[in-house]
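Q: After the structure tokens below, expect a handful of questions from me.
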Amino acid sequence: GENVEQHPSTLSVQEGDSAVIKCTYSDSASNYFPWYKQELGKGPQLIIDIRSNVGEKKDQRIAVTLNKTAKHFSLHITETQPEDSAVYFCAASFAMYSGGGADGLTFGKGTHLIIQP
Amino acid sequence: EAGVAQSPRYKIIEKRQSVAFWCNPISGHATLYWYQQILGQGPKLLIQFQNNGVVDDSQLPKDRFSAERLKGVDSTLKIQPAKLEDSAVYLCASTLLALPQETQYFGPGTRLLVL
């Protein structure tokens, strides 16, 4: 099955600086890569995702890059703010485009992002 | 729009006891997932339903875990008997359509402690 490795486990940055979280995956068939943010006592919330036919995607201060050859994808947060402090998870899945199949996510172990004021 | 609802939010039981969790997905959502999140780790898929049918239960420990989704809406996850290593947060998620790569919306989870 799929295995997702995530680094670092903890990341502390100064407010206003950039943060980068990296993930690798093992199954070359995986074609969907979402990133989730989880705050204390809450369920994960999707912040951005990327599909295998795209190399980069951006949404305001958040961007994700995908290197399918290296089986590697990264989350970039610029101009970090205190409210960005949370645990971030990368995930991967394979889903048939015909739909209706199993597409449960395999998650990394998470990165605790700390924004220092 | 109301989110995914889960209850109870917290549960403490002794090992070998039984426990059940309930999930009410977002109205109209076709696909429902149960994940187990052990402290310090990412969520791990247990079972996926599409409407009221099971799509994937390959990672569900079927000797002690069971789940059902009656009428394709609410779902219950049961553990019988519980072990110490079942202590975790049990997350329910749902997606609107039975299409690949749909956004999964997660509930707040049920935190289980087995003593």
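Q: For B:LYS62 paired with B:TRP22, estimate the spin-label separation in nm (one decimal), with each label point 7 Å from Cα along the Cα-to-Cβ line.
A: Result for the modelled spin labels: 2.8 nm.
Q: Ignoring ligands, DNA and RNA and using a 1.4 Å probe, state the total buried accessible area between A and B in Å², rounded to the nearest 100. Show your work: numbers first, answer last.
A: On the way: alone 6660 and 6550 Å², together 11390 Å².
Approximately 1800 Å² gets buried when A meets B.
Q: For the residue pair A:ARG51 and A:LYS68, what label-to-label distance in nm results when each label sits 7 Å from Cα along the Cα-to-beta-carbon direction?
A: 1.2
Q: Given the options B:GLN41, B:GLN59, B:GLN104, which has the most mean-square fluctuation in a GNM of chain B, springs set between C-alpha atoms less than 10 angstrom apart?
A: B:GLN41
Q: What FRET efficiency would be calculated for the residue pair A:SER18, B:SER7, taking the C-beta separation as r and a Förster radius of 45 Å, to the nearest 0.05? Intermediate values should be presented prior to the final figure.
A: Working: r = 40 Å, r/R0 = 0.88.
Computed FRET efficiency for A:SER18 and B:SER7: 0.70.
Q: Here is a follow-up. Just how large is the dipole of chain B about the Cα centre, in debye to the nearest 20, putting +1 at every Lys and Arg Cβ and -1 at every Asp and Glu Cβ? Walk me through the intermediate numbers first.
A: Numbers: 12 positive and 10 negative charges, 81 e Å.
For chain B, the charge dipole is close to 380 debye.
Q: What is the magnitude of the charge dipole of the protein assembly as shown about its Cα centre, with +1 placed on the Cβ of each Lys and Arg, -1 on the Cβ of each Asp and Glu, and no other charges, expressed in debye to the nearest 20?
A: Numbers: 22 positive and 23 negative charges, 116 e Å.
Its charge dipole is roughly 560 debye.
Q: If the only charges are +1 at each Lys and Arg Cβ and -1 at each Asp and Glu Cβ, what is the size of the charge dipole of chain A around the Cα centre, to the nearest 20 debye? Don't skip to the answer; put the middle values down first.
A: Working: 10 positive and 13 negative charges, 52 e Å.
About 260 debye.
Q: Mind checking which lysines have their C-alpha under 20 Å from B:LYS83, skipping anything on the same chain fewer than 8 residues away?
A: Straight-distance partners of B:LYS83: B:LYS11, B:LYS15, B:LYS44, B:LYS62.
Q: Which residues of segment B:86-115 bury at least 40 Å² of accessible area once all protein chains are present, versus their chain alone (1.4 Å probe)?
A: For segment B:86-115, once contacts with the other chains are taken into account, B:PRO100, B:GLN101, B:THR103, B:GLN104, B:PHE106 lose 40 Å² or more.
Q: Okay, moving on. Straight-line reach only, C-alpha to C-alpha below 16 angstrom: list the aspartates and glutamates that A:LYS58 could link to, leaving out same-chain residues fewer than 8 apart.
A: A:ASP49, A:GLU79
Q: Looking at the P(r) of segment A:41-117, how many percent of alpha-carbon pairs lie beyond 18 Å? Could you put the intermediate results ahead of the total?
A: Details: 1441 of 2926 pairs.
Result: 49 percent of Cα pairs exceed 18 Å.
Q: What residues qualify as long-range amide H neighbours of A:SER26, i.e. H under 5 Å apart, gap of 5 or more or another chain, H built at 1.01 Å from N?
A: Distant-sequence amide H within range of A:SER26: A:ASN3.
Q: Quick one: accessible area per residue over chain A, 1.4 Å probe, rounded to a whole number of Å²?
A: On the way: 5770 Å² over 117 residues.
Per-residue accessible area for chain A comes out at 49 Å².
Q: Could you tell me the extents of segment B:1-62's C-alpha atoms along the three principal axes, largest first, rounded to whole Å?
A: Computed over segment B:1-62, the largest-to-smallest principal extents equal 36, 28, 24 Å.
Q: Return the equivalent ellipsoid semi-axes of chain B as a descending list in whole Å, where each equals the square root of 5 times an eigenvalue of the C-alpha gyration tensor.
A: Numbers: eigenvalues 105, 40, 32 Å².
Semi-axes from the Cα gyration tensor: 23, 14, 13 Å.
Q: State the antiparallel share, in %, of DSSP beta bridges confined to the protein assembly as shown, rounding to the nearest 5. Please report the intermediate quantities before stating the final value.
A: Working: 70 of 79 bridges.
Around 90 percent of the beta bridges assigned by DSSP in the protein assembly as shown are antiparallel ones.
Q: For chain A, which whole-number percentage of the solvent-accessible area (1.4 Å probe, protein heavy atoms only) is attributable to carbon and sulfur atoms? Show your work: numbers first, answer last.
A: Values: 2840 of 5770 Å².
On chain A, the fraction of accessible area on carbon and sulfur atoms equals 49 percent.
Q: Report the Cα centroid-to-centroid distance between segment A:1-78 and segment B:47-80 in angstrom, as an integer.
A: 29
Q: Dipole of the protein assembly as shown (Lys/Arg Cβ +1, Asp/Glu Cβ -1, origin at the Cα centre): which of A:TYR32, B:GLY53, B:ALA20 lies farthest to the positive side?
A: It is B:ALA20.
Q: What does the charge count near B:LEU91 come to, summing +1 for each Lys or Arg and -1 for each Asp or Glu among other residues with Cβ under 15 Å from its Cβ? Don't skip to the answer; put the middle values down first.
A: Numbers: positive: A:LYS37, A:LYS42, B:ARG9, B:LYS11, B:LYS44, B:ARG111; negative: A:GLU39, B:ASP86.
Taking every Cβ under 15 Å from that of B:LEU91, the sum is +4.
Q: Answer with one residue from B:ALA93, B:GLN41, B:THR31: the one whose Cα lies farthest towards the positive end of the charge dipole of chain B, charges on Cβ with Lys, Arg +1 and Asp, Glu -1.
A: B:GLN41
Q: Which lysines have a Cα less than 25 Å from the Cα of A:LYS57, not counting those fewer than 8 places away in the same chain?
A: Cross-link targets: A:LYS22, A:LYS37, A:LYS68, A:LYS71, A:LYS109.
Q: Could you work out what % of the accessible surface of chain B is carbon and sulfur, using a 1.4 angstrom probe and leaving DNA, RNA and ligands out of the count? Before the final figure, lay out each step's value.
A: Details: 2910 of 5610 Å².
In chain B, the share of accessible area belonging to carbon and sulfur is 52 percent.
Q: How large is the accessible surface per residue of segment B:1-76, computed with a 1.4 Å probe and reported in Å² as a whole number? Each step should come with its number before you reach the end.
A: On the way: 4070 Å² over 76 residues.
In whole numbers, segment B:1-76 has 54 Å² accessible per residue.
Q: Right, next: For chain B, what does the relative contact order come out to in percent, with C-alpha contacts under 8 Å and a separation of six or more? Numbers along the way, then the final one.
A: Values: 291 pairs, mean separation 42.5, N = 115.
Once normalised by length, the contact order is 37 percent.
The values are calculated or read from the model by the stated rules, or taken from the named source; none is laboratory data. Computed from a predicted model, the values in this text were never measured in an experiment. All Cβ positions, even for glycine, are placed from backbone atoms using ideal geometry, and neighbour counts span all protein chains on display. To get the accessible areas, we keep the full protein, side chains included, count just its heavy atoms, and leave off ligands, DNA and RNA. Shrake-Rupley method; radii C 1.70, N 1.55, O 1.52, S 1.80 Å.
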